[in-house]
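A.B. asks: Provided herewith is a single structure, encoded as structure tokens, for subsequent inquiry.
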Amino acid sequence: MELKHISKDIYDVEALRSDFPILGRTIYGKPLIYLDNTATTETPRQVVYAIRDMYYNHKANVHRGVHTISQEATMMMEDTRERVRRLINAPSTREVIFTRGTTESINLVASSYGSLLSEGDEVILTEMEHHANIVPWQLLRDRKGIVIKVIPLAEDRSTLDLDAYKKLLSPRTKVVSVTHVSNVLGTVNPVKEIIAEAHKAGAVALVDGAQAIAHMDVDVRDLDADFYVFSSHKMYGPCGVGVLYGRSRLLEAMPPYQGGGEMISSVSFERTTYAELPYKFEAGTPDFVDLAALHTAIDYMSAVGVDRIATYENDLLEYTTRRMMEIPKMRIFGVAPGKAAIISFLIGNAHHYDTGLLLDKLGIAVRTGHHCAQPLMRALGVEGVVRASFGLYNTIGEADAFLTALKRIAPMLS
Ligand code: PLP
């Protein structure tokens, strides 16, 4: 995909914004300032057109049809698989499994790979995980009697205590499952190092890439990840679809996650044999419409350039953080160097919800609450925080409007 407003020297954010119709909205008569990109990113019209094109021209069930549009739909979905493979540098499309998103991908691994674990086997998580990377392992604990161990935060309350991690590893460690980027602190974890340590201990490593995929180049081979998972809706793509990358050797040894059509080779009442990878893990009709459109979202992101998006967002992050710290009683959570463009904060002891509501009245969309990371909230000693997060289309003008709003509401809150 070519984007006219992007060249080697130009990052024309206004032109990029014009691709996102929702950014033209007003809220309470004020222009929308969308700072909730960690929860979901907005969608460019190119992706919406791709969805419409599927419904208008190519909607037929995939894989089963000899007729032309079924073959077109199949080809479009499979093209996305190859596009995802290239995006993350996976060795083979057999290792790219389509799911409903990060949550389902982790549930698939915890349930299927987890079924190969035994009572007393250990799974290591971190204190900064999203509930999506905690609860599936607890369900496994209930089923199989595994033991969950947790890497704590370091003293800076932003990074992981890697010495503690090394001490947690044992011959019983079977899985290390860690987020690439914290959805609250913005911390970019040293996952390559974490994976290497896991492998030394004989464990496999899963990386939750939900917050990484739209903000940095991801190379599963370089990371040496065994599983890498992410959601389309956090990368300017459609809702309801996502990816599980898995090492083929592991996927082959794993039992299917769900049974049904598409995932079989042959079925009789006595015995069923399963399809080859990746289809063994894709029971039922996939969301081929949104999967086809995910291709366009990846092309869009790549046309802008993920590294350029990261640099641009980082400038916004640094500017906004520096100016926020000038506001009396501002408490910012997450100070790791090189963090992603996520700012979690509280103003004094003001309730996060009140701050979010007041910002909304000024047209500014931020997220409030525990951000599906209650153990992290406990570690930080808070019940919830306000979170502002940037995407490729946010502007310095929006950052200024956000800062002005914060200055205006801060005295009301204290
Ligand atoms: N993991 C992290 C780090 C997240 O930030 C999120 C969503 O915010 C998830 C997992 C869950 O993603 P989804 O709801 O798309 O499955």
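A.B. asks: Under the 0.36 nm per residue contour assumption, what length would be gained going from the current alpha-carbon distance of SER302 and LEU250 to full extension?
C.D. replies: Difference between extended and current length: 15.8 nm.
A.B. asks: Test of understanding: ordering HIS63, HIS371 by Cβ neighbours within 10 Å, fewest first, what list do you get?
C.D. replies: HIS63, HIS371
A.B. asks: Right, something else. Can you tell me the order of 270-278, 373-381, 38-46, 319-327 when each peptide is scored by its average per-residue count of other Cβ atoms within 10 angstrom, highest first?
C.D. replies: Numbers: 270-278: 13.0, 373-381: 17.6, 38-46: 20.6, 319-327: 15.3.
Order by mean packing, descending: 38-46, 373-381, 319-327, 270-278.
A.B. asks: Amide H of ILE33: which non-local residues (sequence gap of 5 or more, or other chain) have their own amide H closer than 5 Å, using H built in the peptide plane?
C.D. replies: ILE364, ALA365
A.B. asks: How long is the gain from GLU318 to ALA15 if the chain were fully straight, where each residue apart is worth 0.36 nm and the alpha carbon distance is subtracted? Show your work: numbers first, answer last.
C.D. replies: Numbers: separation 303, 0.36 × 303 = 109.08 nm, distance 2.31 nm.
Value of the extension gain: 106.8 nm.
A.B. asks: A follow-up question, please. Estimate the FRET efficiency between THR404 and GLU270 by the formula 1/(1 + (r/R0)^6), using the beta-carbon distance for r and 60 Å for R0, to the nearest 0.05. Don't jump to the answer; show the numbers that get you there.
C.D. replies: Values: r = 71 Å, r/R0 = 1.18.
The computed FRET efficiency comes out at 0.25.
A.B. asks: Looking at the stretch 1-94, which chymotrypsin sites (Phe, Trp or Tyr not before Pro) are in a loop (DSSP not H, G, I, E or B) and have at most 10 other Cβ atoms within 10 Å?
C.D. replies: TYR28
A.B. asks: Sticking with this structure for a sec: What number comes out for the charge environment of LEU362, summing +1 per Lys or Arg and -1 per Asp or Glu over other residues with Cβ under 9 Å away?
C.D. replies: +2
A.B. asks: Kirkwood hydrodynamic radius for the stretch 23-126: how many Å is it when counted over pairs of different Cα atoms?
C.D. replies: Hydrodynamic radius (Kirkwood, Cα pairs) of the stretch 23-126 is 17.9 Å.
A.B. asks: When the dipole is taken about the Cα centre of the chain, and only Lys, Arg (+1) and Asp, Glu (-1) are charged at their Cβ, what size is it in debye, to the nearest 20?
C.D. replies: Working: 44 positive and 50 negative charges, 129 e Å.
Charge dipole, the chain, about its Cα centre: 620 debye, nearest 20.
A.B. asks: Taking 0.36 nm per intervening residue step and subtracting the Cα-Cα distance, what contour gain separates ASP53 from LYS30 on full extension?
C.D. replies: 5.0 nm
A.B. asks: What translational diffusion coefficient, to the nearest whole µm²/s, does the chain have by Stokes-Einstein, given a Kirkwood radius computed over alpha-carbon pairs, a temperature of 20 °C and 1.002 mPa s viscosity?
C.D. replies: On the way: Rh = 22.4 Å.
It diffuses with D of about 96 µm²/s by this estimate.
A.B. asks: Between MET330 and MET412, how many nm apart are label points set 7 Å from Cα along the C-beta direction?
C.D. replies: 1.8
A.B. asks: Let me ask something else. Can you work out the PRE-style zone for LYS144? Point 7 Å along Cα to Cβ, and I want the residues of the stretch 241-267 with backbone N under 20 Å.
C.D. replies: Hits in the stretch 241-267 for LYS144 at 20 Å: 244-259.
A.B. asks: Could you state the number of Å between the C-alpha centres of the stretch 78-142 and the stretch 280-299?
C.D. replies: Comparing the Cα centres of the stretch 280-299 and the stretch 78-142, I get a distance of 17 Å.
A.B. asks: Right, something else. Over 31 Å between C-alpha atoms is what I'm after, so list which of LYS167/LYS329; LYS59/LYS192; LYS144/LYS339; LYS339/LYS361; LYS149/LYS339; LYS192/LYS234 land there.
C.D. replies: Going by Cα-Cα distance, LYS167/LYS329; LYS59/LYS192; LYS144/LYS339 fall outside the 31 Å limit.
A.B. asks: Could you work out the per residue convex hull volume over the alpha carbons of the stretch 119-269, in cubic angstrom?
C.D. replies: Convex hull volume per residue, Cα atoms: 141 Å³.
A.B. asks: Sort TYR113, TYR236 by Cβ crowding within 10 Å, fewest neighbours at the top.
C.D. replies: Listed from fewest to most nearby Cβ atoms, that is TYR113, TYR236.
A.B. asks: Now a separate question. Give the relative contact order (percent, whole number) for the chain; include only Cα pairs under 8 Å separated by 6+ residues.
C.D. replies: Here the relative contact order equals 23 percent.
A short reminder: the numbers here are calculations on the coordinates, not readings from a lab. Here the structure is a predicted model, which means the values were calculated and not measured. Using ideal geometry, Cβ is built from the backbone for each residue, glycine included, and neighbour counts are taken over all protein chains shown.
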